[in-house]
Amino acid sequence: MNSYSVKQIAAMLNTNPETVRRWIRLGRLPALKDSRKEGNVVSESALNEFLSKSPKYALSANMLVSEIPTSAVVLGELFVRQLLNGERNHNEQISSETLTQLLRTERAKRTADLNIKMKTKMQLEWEIQNEEKRIAELNSLIEIIAGNESKGWLK
């Protein structure tokens, strides 16, 4: 299992080491303190969990999420995922072919997810329409019964 120093995490996430220390102090990023000299050490699983809850830090802790285009967030998430899986060194450059393939893979995943959601939506819309028809039929029956009661045909 890999572990990372505060400085390594700060470099990976393009943020100040003090920001990382603040996350640790606030309990947002679990860490162990091996010694005073070495400082805090964060396990790979703890870092993965932190990033899954805070993907905006994959790009920069200092940028507001609303200022980051969706495409940049996706790229940051993909790249950090590769870093955390050991598939890439944080100093390594990424080729346009690799980047394009990452984006195509992510697009295929999101398209599949969207298709599932659209099918679910269509199924729910069909069920809602059927329930509305049943309710309308029940309302009609109630009105018929009420009309027949007033005529004395039903008790």
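The values are calculated or read from the model by the stated rules, or taken from the named source; none is laboratory data. Only a predicted model underlies this, so the values are computations on that prediction, with no experimental measurement involved. Cβ atoms come from the backbone with ideal geometry, glycine included; neighbour counts cover every protein chain shown.
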For V73: the one exception among (1) modelled with pLDDT of 70 or more; (2) within 16 Å of N14 (Cα to Cα); (3) within 15 Å of the chain's Cα centre (by Cα)
(1)
Suppose the filter is at pLDDT 75 or above and surrounded by 10 or more Cβ atoms within 10 Å (Cβ to Cβ); does R88 pass it?
no
Quick check on G39: is it touching a residue at least 12 places away in the same chain (Cβ under 8 Å) and at positive phi?
yes
Is there a residue being of a type in the set (S, T, Y) and modelled with pLDDT under 70 anywhere in region 59-68?
yes
Restricting to region 29-44, and then to whatever is among the small types (G, A, S) and more than 15 Å from M12 (Cα to Cα), can you tell me which residue is surrounded by the most Cβ atoms within 10 Å (Cβ to Cβ)?
A31
Of all the residues that make up region 142-155, how many are assigned to a helix (DSSP H, G or I) and surrounded by 10 or more Cβ atoms within 10 Å (Cβ to Cβ)?
8
